[in-house]
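A.B. asks: Dropping the structure in here first, questions after.
The values are calculated or read from the model by the stated rules, or taken from the named source; none is laboratory data. Owing to the predicted nature of the structure, the values given are computational and were not obtained by experimental measurement. All Cβ positions, even for glycine, are placed from backbone atoms using ideal geometry, and neighbour counts span all protein chains on display. Surface areas here come from the heavy atoms of the whole protein model, side chains and all, with no ligands, DNA or RNA. Shrake-Rupley method; radii C 1.70, N 1.55, O 1.52, S 1.80 Å.
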Amino acid sequence: MKIVMAIIKPFKLEEVRDALTGLGVHGLTVTEVKGYGRQKGHTEIYRGAEYAVSFLPKLKIEVAVPSELVTKVIDAITAAAKTGQIGDGKIFVMPIETAVRIRTGERDGDAL
Ligand SMILES: Nc1ncnc2c1ncn2[C@@H]1O[C@H](COP(=O)(O)OP(=O)(O)OP(=O)(O)O)[C@@H](O)[C@H]1O
Ligand SMILES: [Mg+2]
C-alpha cells in the first residue's frame, strides 16, 4: 500500500476527485495548505490577482491505495490537475506500513 499525496490548485479538486472515483478509489483526505515551489510564490496568479506574498493557497490530497494502483492514480491526478501553468503542484508517494478500518478492525488491503 502507498499514500499518494498531491498538492494541487484548489479549483482542480472536483476534477481530481472525479478522476480518482473513476479508478475505484473509495476514500480521500483533503487539507487546505499554503506553499510555494520554485518561483517562491511571487509570479503566480491566484483568482486573477498576482499574490505579493510567498505562500499560495493549495489543497493537499491524500489517498491510500494498493501499490498496483499507484501508477494509474499518479496519471489520473496529473491529467486532472494540470493546467500547464506554473504552480500546478506536485505528487509525492510514500509507503504505508499498516492500514486499519477502525469500525471493523480490518487490516491493510481490506481496510482501504
Ligand atoms: N519540494 C517541495 N516540497 C514540498 N512541497 C512542495 C515542494 N515543491 C512544491 N511544493 C508544494 O507544491 C505547491 C506547488 O508547487 P509548484 O507546482 O509551484 O512547484 P514548482 O516546482 O515551482 O513547479 P512549476 O515550475 O510548475 O511551478 C507549492 O505551493 C507547495 O505547496
Ligand atoms: Mg511553481
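A.B. asks: Just to confirm a number: summing +1 for Lys and Arg and -1 for Asp and Glu over residues other than V65 whose beta-carbon lies under 10 angstrom from that of V65, what do you get? Show your work: numbers first, answer last.
C.D. replies: Details: positive: K2, K72; negative: E68.
Local charge sum for V65: +1.
A.B. asks: Can you tell me the length gained on complete extension of the stretch V30 to D75, counting 0.36 nm per residue apart and subtracting the Cα distance?
C.D. replies: Numbers: separation 45, 0.36 × 45 = 16.20 nm, distance 1.87 nm.
Roughly 14.3 nm would be gained on extension.
A.B. asks: Could you work out how much longer the chain between T104 and I86 gets when fully extended? Use 0.36 nm per residue separation minus the Cα distance between them, nm to one decimal. All intermediate terms of the calculation are to be shown ahead of the outcome.
C.D. replies: Working: separation 18, 0.36 × 18 = 6.48 nm, distance 4.34 nm.
Using 0.36 nm per residue and subtracting the Cα-Cα distance, I get 2.1 nm.
A.B. asks: Now a separate question. How much length, in nm to one decimal, is gained on full extension between S54 and I96, taken as 0.36 nm per residue of separation minus their Cα-Cα distance? Please report the intermediate quantities before stating the final value.
C.D. replies: Working: separation 42, 0.36 × 42 = 15.12 nm, distance 3.20 nm.
My answer for the length gained is 11.9 nm.
A.B. asks: While we're here: Binning at 10 angstrom from zero up to the longest distance, how are the C-alpha pair distances of region 2-111 distributed in percent?
C.D. replies: Histogramming region 2-111 at 10 Å steps yields 14, 43, 28, 12, 3 percent.
A.B. asks: Further question: Using θ = phi - 60° and the Karplus relation 6.51 cos²θ - 1.76 cosθ + 1.60, list the HN-Hα couplings for region 29-38 in order, rounded to whole Hz, with x at every Gly or Pro.
C.D. replies: In residue order, the calculated couplings are 10, 10, 10, 7, 10, 10, x, 8, x, 4 Hz.
A.B. asks: Could you work out what % of the accessible surface of the chain is carbon and sulfur, using a 1.4 angstrom probe and leaving DNA, RNA and ligands out of the count? Intermediate values should be presented prior to the final figure.
C.D. replies: Numbers: 3840 of 7280 Å².
Carbon-and-sulfur percentage of accessible area, whole number: 53.
A.B. asks: Given the -39500 (n - 2.57) contribution per DSSP H run of 4+ residues, what per-residue ellipticity at 222 nm results for the chain, rounded to the nearest 500 deg cm²/dmol? Let's see the in-between values first.
C.D. replies: Numbers: 2 runs with 22 residues, N = 112.
Counting only the DSSP helices, I get -6000 deg cm²/dmol.
A.B. asks: Another one. If you place +1 on the Cβ of every Lys and Arg, -1 on the Cβ of every Asp and Glu, and leave all else neutral, what size is the dipole of the chain about its Cα centre, to the nearest 20 Debye? Write down the numbers at each step before the final one.
C.D. replies: Numbers: 16 positive and 14 negative charges, 70 e Å.
Dipole about the Cα centre, nearest 20: 340 debye.
A.B. asks: Follow-up question, since we're still on this one. How do 88-101, 1-14 rank on mean C-beta neighbours within 10 Å, highest first? Mind dumping the intermediate values first?
C.D. replies: Values: 88-101: 12.6, 1-14: 17.8.
Packing order, densest peptide first, comes out as 1-14, 88-101.
A.B. asks: How much net charge surrounds M5 when only other residues with a Cβ under 11 Å from its Cβ are counted (Lys, Arg +1; Asp, Glu -1)? Kindly include the intermediate steps, with their values, before the conclusion.
C.D. replies: Numbers: positive: K2, K60, K90; negative: E62.
Around M5, the charge tally is +2.
A.B. asks: For E62, E32, give me the order by solvent-accessible area with a 1.4 Å probe, most accessible first, ignoring ligands, DNA and RNA.
C.D. replies: Sorted descending by solvent-accessible area, the residues read E32, E62.
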